[in-house]
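One structure is given here, and the rest of the page talks about it.
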Amino acid sequence: MTERVLLRGGHVLSMDPTIGELGVGDVLIEDGTIVAVAPGIETGDADVIDVAGQVVLPGFVDTHRHTWQSTMRALCADWSLTEYFRGIRQTISPRYEPEDVYTGNYVGALEALDAGVTTLLDFSHCVNTPAHADAALDALLETGIRAVFGLGYFPAPAEPAGFPDHQARIDDARRIRTERLSGDEGLVRMGVALTEVGLLPFDLTRAEIASAREMDALVVAHTGCVWGSPVTGGVPELEQHGLLDERQVHVHCNTLTDDELDSIARAGAKVSCSPETEIQMGMGHPIMRRAMDRGMRPSLSCDVISVNSGDMFAQMRLGLQFQRCMDNDPINQAGAMPERLELGVRDALAWATVNGAAAMGLEDITGSLSPGKQADVIVVGGPRLNMAAPVDAAGAVVLQANASNVRHVIVGGRFAKRDGELTGVDVERVNRLARESQERVLGRVEADGMPLVPPPQPGFDEALKQMALANLGRAPATEAPA
């Protein structure tokens, strides 16, 4: 029997230029697919949901989230990036067991759905053993979110080591691709999260990218986010060796020169901006404008819930208002006021929806309310007063809404959230799982006698810099820092 849902009478922000915006419109879904977007659709046997006074739009697309960290909520609220490296990557990550990765991904994916994120690029760089990889994937599959599982090649400093060598990590990614994500028809697809360029000998970076190409997997990489160091750099070397392509999402990119950003644009690679994290952690200016000036379509990401919010409303708002400030700054410095704003709220909506889908290679499936696409749809509004009677629906979504205003979330035609509540989810149990995992992990840190954020080691940054230069072939090889 055909399953039909009709969202009736909402303000429709389709993000499809052939449809545009409908002040009062309907969206008809059949068997998980959008079949019509128009005013006054007539249908007989559909599940009709009255969304009058609310906003109907595509589900948000988050192009970079370390979902496993969701149980470390706000741990890093006052940390810089270097403190994050020492605290999360060097101290916390090695003490995650598979059940903790599962819990982080489970809690984090449900949080994303609750906030209207229907598609997620999970940058899963806590894969300490094959069991960690399976646990992370299990959680994504269980929640019903649409995702690319970006299996991380980053070698956590765990003892004993979960893999005998780096090639074993790559081989295990092939196992996941062959045995668990062999097709590209399901909600979750295969991806690869690169080790930061410069941390490994370049031959291993080449091997990581080659494995992704062999598996036809999307690549996601931290690029250009460490000032004064070649770590996360290497764009000239990647271009020289033919290792840049359109199946890549480069995250942050704040430190890149114009020539380096040009290289990424020429290759057809995509960029993901994390405004909230980047502004806090000292990564520099988010690059939305620089990307747009090159004809690129920037996307947005929540990054780390150990730092900041897990909703795209915050990322749209911060990203847009930051860039408006930067655009207006030269005018202010000249002693004048801007006549108009160069960027609008609909630009920010594009970053969070259709641009994200394009970055992940899913634009033919999601990102807009277009007939023939999968029904990844959200409805924002309801009784809360911050969304009462908006004059500009897009403006209210971008600048005034929050996760509590998300009334309905549909992924592939299935309700993940209805009438403001996640469907089929015991929220009390989810909270309990989060607390228990957090207590286990932090307890292991304490039992090992580790400070949560180890003090910086004298000479470490310089040794790391020299090692990265050597790995990129720019300097003689030197001993890796301990």
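Before moving on, here are some points about what is shown:
- Looking across the range 192-215 at every residue that is of a type in the set (Gly, Ala, Ser) and surrounded by fewer than 19 Cβ atoms within 10 Å (Cβ to Cβ), the one that is farthest from residue 169 (Cα to Cα) is identified as 210.
- Residue in the range 151-171 that is farthest from the chain's Cα centre (by Cα), counting only those that are in contact (Cβ under 8 Å) with a residue 40 or more places away in the chain and surrounded by fewer than 20 Cβ atoms within 10 Å (Cβ to Cβ): 159
- The listed residue being closer than 23 Å to residue 444 by Cβ and surrounded by 24 or more Cβ atoms within 10 Å (Cβ to Cβ), out of 101, 61, 56: 101
- Per this entry, residue 265 is counted among residues that are part of a helix (DSSP H, G or I) and either without any contact (Cβ under 8 Å) to a residue 40 or more places away in the chain or within 20 Å of the chain's Cα centre (by Cα) (or both).
- Applying a threshold of 6 Å to beta carbon distances and a minimum spacing of six or more residues, or different chains, the list of pairs starting in the range 15-36 at a residue that is on the phi < 0 side of the Ramachandran plot and buried (at least 19 other Cβ atoms within 10 Å of the Cβ) and ending at one that is in a strand (DSSP E or B) and of a type outside the set (A, V, I, L, M, F, W, C) reads 26/8.
- Any hit, the range 224-238, residues being surrounded by fewer than 16 Cβ atoms within 10 Å (Cβ to Cβ), in contact with a helix residue (DSSP H, G or I) (Cβ under 9 Å, 6 or more places away or on another chain) and charged (D, E, K, R): no
- All positions within the range 11-58 that are within 19 Å of residue 416 (Cα to Cα) and in contact with a helix residue (DSSP H, G or I) (Cβ under 9 Å, 6 or more places away or on another chain): 54, 55, 57, 58
- Residue count for the range 407-466, restricted to those that are under 30 Å from residue 233 (Cα atoms) and not aliphatic (A, V, I, L, M): 12.
- Subset tally (residues that are outside any helix (DSSP H, G or I), hydrophobic (A, V, I, L, M, F, W, C) and closer than 22 Å to residue 348 by Cα) for the range 376-435: 12
- The range 275-289 - residue that is touching a helix residue (DSSP H, G or I) at 6+ places or on another chain (Cβ under 6 Å) and either of a type in the set (Asp, Glu) or in a helix (DSSP H, G or I) (or both) and, of those, farthest from residue 347 (Cα to Cα): 281
- 3 or more residues of a type in the set (Asp, Glu): qualifying strands (runs of 3 or more DSSP E) within the range 1-73: 21-30
- With respect to (1) touching an Asp or Glu at 6+ places or on another chain (Cβ under 8 Å); (2) over 20 Å from residue 115 (Cα atoms), the lone exception for residue 70 is condition (2).
- Residues within the range 172-200 that are over 20 Å from the mean Cα position of the chain (by Cα) and of a type in the set (Ser, Thr, Tyr), tallied: 2
- Matching entry among 307, 251 (being crowded, with 24+ Cβ neighbours inside 10 Å, among the β-branched types (Val, Ile, Thr) and assigned to a loop (DSSP other than H, G, I, E, B)): 307
- Scanning the range 22-48 for residues that are polar (S, T, N, Q) and modelled with pLDDT under 95 gives a single hit, 43.
- Boolean, residue 18 is over 26 Å from residue 250 (Cβ atoms), modelled with pLDDT under 95 and either hydrophobic (A, V, I, L, M, F, W, C) or more than 23 Å from the chain's Cα centre (by Cα) (or both): no
- Meets criteria (farther than 30 Å from residue 30 by Cβ, touching a Lys or Arg at 6+ places or on another chain (Cβ under 9 Å) and not acidic (Asp, Glu)) for residue 427: no
- Some residue of the range 449-458 being farther than 30 Å from residue 144 by Cα and at pLDDT 95 or above: no
- Number of the condition not met by residue 370 [criteria: (1) within 26 Å of residue 415 (Cβ to Cβ); (2) free of Cβ contacts under 8 Å to residues at least 12 places away in the same chain]: (2)
- Residues being of a type in the set (Asp, Glu) and closer than 22 Å to residue 61 by Cβ are entirely absent from the range 146-160.
- Qualifying residue in the range 322-345 (condition: assigned to a helix (DSSP H, G or I) and touching a strand residue (DSSP E or B) at 6+ places or on another chain (Cβ under 7 Å)): no
- Within the range 85-134, the set of residues being in contact with a helix residue (DSSP H, G or I) (Cβ under 8 Å, 6 or more places away or on another chain), part of a helix (DSSP H, G or I), among the hydroxyl-bearing types (Ser, Thr, Tyr) and within 25 Å of residue 231 (Cα to Cα) comprises 91 only.
- Evaluating residue 368 against the criteria (1) crowded, with 18+ Cβ neighbours inside 10 Å; (2) among the small types (Gly, Ala, Ser); (3) modelled with pLDDT under 95 leaves one unmet condition, (3).
The values are calculated or read from the model by the stated rules, or taken from the named source; none is laboratory data. All of these numbers come straight from a predicted model, not from anything done at the bench. Because the Cβ atoms are built from the backbone with ideal geometry, glycine has one as well, and the counts that use them run over all protein chains shown.
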